[in-house]
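Notes follow the structure.
The values are calculated or read from the model by the stated rules, or taken from the named source; none is laboratory data. None of the values given here were measured: they were computed from a predicted structure. All Cβ positions, even for glycine, are placed from backbone atoms using ideal geometry, and neighbour counts span all protein chains on display. Just the protein is used for accessible areas: all its heavy atoms, side chains included, with ligands, DNA and RNA removed. Shrake-Rupley method; radii C 1.70, N 1.55, O 1.52, S 1.80 Å.
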Amino acid sequence: MLPARRFLDIAARAALRAEGDVEPNPMVGCVIARGESVIGIGHHRRFGGPHAEVNALADCARRGNDPRGATAYVTLEPCSHFGKQPPCCDALIRAGVARVVCARPDPNPVSGGGAARLAAAGIACEFTGASPLATHLADPFAMRIEHHRPWVILKWAQTIDGRTATRTGESRWISSEASRREVHRLRARVDCVLAAIGTVLADDPALTARGVPRVRRIARRAIIDPRLELPEGCALLRTLDAAPLTLFTTAGATERSAERAAALRDRGVEVVACGESGVVDLHAALRHLAGAHDATRVLAEGGAGLAGRLLAAGLADELRVYTGPLMLGDGHAAPAARGLDVPRLADARRFELVRVHRLGPDVASTYRRV
C-alpha cells in the first residue's frame with residue numbers, strides 16, 4: 001500500500017471516532033509520519049475543540065517525537081482562519097513540518113486556502129485521492145457548504161427479494177435486533193431523522209435513539225406532512241421533551257388548518273410551509289434543515305414513497321440497506337422505493353458499494369451515490 005493511502009486511511013479511521021461529536025464541523029484526522037513511521041496521530045474530537053493537526057502535534061509531544069521535517073497527512077486541507085480555534089496552518093508552520101499531504105481541499109471559502117498559506121511558508125502541500133475513505137469523509141460537510149443542504153442517508157430493512165413489508169403492511173421485524181441497534185446508534189449521531197406522514201400513521205414511531213450507551217447528538221425529527229395529518233397523542237408529540245420536531249407541510253394546509261398549525265407551534269413544534277398543490281418541496285425542506293438548524297447529515301427512514309421521491313430528485317446521497325434472511329416472493333408486498341419511472345437500465349440511479357458487514361443473521365450494505 002502506498003504510504004499516502006496508508007497514513008490517510010489511519011487518519012480517516014481516527015476521525016470517525018468523533019462521528020456525531022464535531023458537527024457541523026467536518027470530521028478530520030491527521031497523521032504525522034517520518035518515513036514509514038507514525039510519530040503522532042490526532043483527530044478533531046468535539047465541536048469547538050482543538051483541530052486534528054493540533055491534536056496530532058500534541059500526540060507527537062506526548063510520545064517524545066519532534067515533528068520538525070516530518071510529513072503531515074490530513075483528511076482535509078488545514079484551515080487558514082481564526083474561528084473557535086486558531087489556524088491549523090500556523091500550528092504546522094511553527095512545528096516545522098516539511099510537507100503536508102491532504103485528501104481534499106476545504107470547500108469552505110472562510111476557512112479554505114490553507115495549501116497556499118503553507119506553500120508561502122515554504123512547506124510543500126499536495127492533494128491526493130489515494131485514500132477514498134479519507135477523501136469521502138468530508139462529503140457531508142462539503143454538501144452543506146456547496147449545495148446548502150445536508151447529506152441524506154436513506155435507510156431501509158428488506159427481505160432477500162427487496163421487500164420492506166408484506167402486502168398487509170407487516171414489517172416487524174424483517175431485520176434483526178443487531179441491525180436495529182446499529183440504526184439507533186446512527187440516530188444518535190445524525191442531526192435529523194426524516195420520515196413521511198404515512199410512516200407515522202402506520203407505525204406511530206418516536207424516531208429517537210434508544211438503548212444507546214451515549215447519544216452524541218439529539219436528532220431533530222422531521223416529518224413530511226403535506227396536509228397536517230399528524231395525530232394528537234402520537235409518539236412524536238408525546239416525546240417533544242426528548243427531541244425537537246419539525247413538520248414540513250404546504251401553504252394550503254397551514255391556511256386551511258390555521259388553528260391546528262398554531263396549536264402545534266404553541267407546543268413547540270416547528271411548522272414550516274414549503275410547497276404548493278399538496279406536495280412538500282423536498283429541496284426546500286432540506287435547505288431549511290441546513291440553514292435553520294445547521295444540519296449536516298439527515299437519516300431518512302420514511303417508507304417507499306419518500307424513498308422514491310428522494311431518489312427521483314437526486315437527494316439520496318447514501319443508502320444503508322439491512323437485508324434479513326427472509327423471502328416473500330409476493331408481487332404485492334411493499335418495495336423499498338416506488339414512484340420512479342425507469343424504462344431502461346440506463347435510467348437507473350447508480351450507487352457504489354462501499355461497505356458490507358454482517359449483523360447477526362442480516363447483511364448490512366452501505367452504498368454511495370456515483
Exercise for review: Sort out which residues of the range 185-214 are part of a helix (DSSP H, G or I) and open to solvent by 30 Å² or more (accessible area, probe 1.4 Å), and write them in order of number.
Suggested key: Arg185, Gly198, Leu201, Ala202, Asp203
Review point. Do we have any residue at all in the range 43-53 that's under 18 Å from Ala134 (Cβ atoms), part of a strand (DSSP E or B) and either open to solvent by less than 20 Å² (accessible area, probe 1.4 Å) or touching a Lys or Arg at 6+ places or on another chain (Cβ under 6 Å) (or both)?
Key: yes
Exercise for review: Just give me the residues in the range 254-306 being part of a loop (DSSP other than H, G, I, E, B) and within 30 Å of Asn108 (Cα to Cα), in sequence order.
Suggested key: Cys274, Gly275, Val280, Asp281, Asp294, Ala295, Thr296, Glu301
Practice item. Would you please name the residue that is farthest from Ala295 (Cα to Cα), looking only at residues in the range 247-274 that are buried (at least 21 other Cβ atoms within 10 Å of the Cβ) and not hydrophobic (A, V, I, L, M, F, W, C)? Key: Thr250
Check your understanding: So Glu232 fits all but one of (1) at pLDDT below 95; (2) open to solvent by 40 Å² or more (accessible area, probe 1.4 Å); (3) not in a loop (DSSP other than H, G, I, E, B); what number is the exception?
Key -> (3)
Point to revise | Selection count, the range 75-111, where residues are farther than 21 Å from Arg144 by Cα, within 27 Å of the chain's Cα centre (by Cα) and in contact (Cβ under 8 Å) with a residue 40 or more places away in the chain | key: 1
Check your understanding: Scanning for something open to solvent by less than 60 Å² (accessible area, probe 1.4 Å), within 20 Å of Val279 (Cβ to Cβ) and in contact with a Leu (Cβ under 6 Å, 6 or more places away or on another chain), does the range 318-326 turn up at least one residue?
Key -> no
**Study point:** Matching option when the condition is of a type in the set (Gly, Ala, Ser), in contact with a helix residue (DSSP H, G or I) (Cβ under 8 Å, 6 or more places away or on another chain) and farther than 26 Å from Thr246 by Cβ, among Ala333, Ala346, Ala364, Ala337
**Key:** Ala364
Check your understanding: Within the bounds of the range 358-365, is there any residue that is assigned to a strand (DSSP E or B), among the hydroxyl-bearing types (Ser, Thr, Tyr), on the phi < 0 side of the Ramachandran plot and open to solvent by 30 Å² or more (accessible area, probe 1.4 Å)?
Key -> no
Review point. Got a number for residues in the range 135-149 being surrounded by 23 or more Cβ atoms within 10 Å (Cβ to Cβ) and more than 14 Å from Asn25 (Cβ to Cβ)?
Key: 1
Review point. Looking at the range 80-128, which of its residues are open to solvent by 70 Å² or more (accessible area, probe 1.4 Å), farther than 22 Å from Gly48 by Cα and not aliphatic (A, V, I, L, M)?
Key: Arg99, Arg117, Glu126, Phe127
Check your understanding: In the range 187-220, how many residues are touching a helix residue (DSSP H, G or I) at 6+ places or on another chain (Cβ under 8 Å) and under 17 Å from Glu23 (Cα atoms)?
Key -> 5
Review point. With respect to the numbered conditions (1) touching a Ser or Thr at 6+ places or on another chain (Cβ under 9 Å); (2) in a helix (DSSP H, G or I), which one is the sole condition not fulfilled by Arg94?
Key: (1)
Check your understanding: Taking interchain pairs and intrachain pairs at least six residues apart, which have beta carbon atoms under 7 angstrom, with the first residue in the range 328-353 and farther than 29 Å from Thr168 by Cβ and the second open to solvent by less than 60 Å² (accessible area, probe 1.4 Å) and at pLDDT 95 or above?
Key -> Phe351/Leu319; Phe351/Arg368; Glu352/Arg368; Leu353/Ser365
Exercise for review: Would you check which residues across the range 155-203 are of a type in the set (Ser, Thr, Tyr) and within 13 Å of Asp362 (Cβ to Cβ) and list them?
Suggested key: Thr159, Ser175, Ser176, Ser179
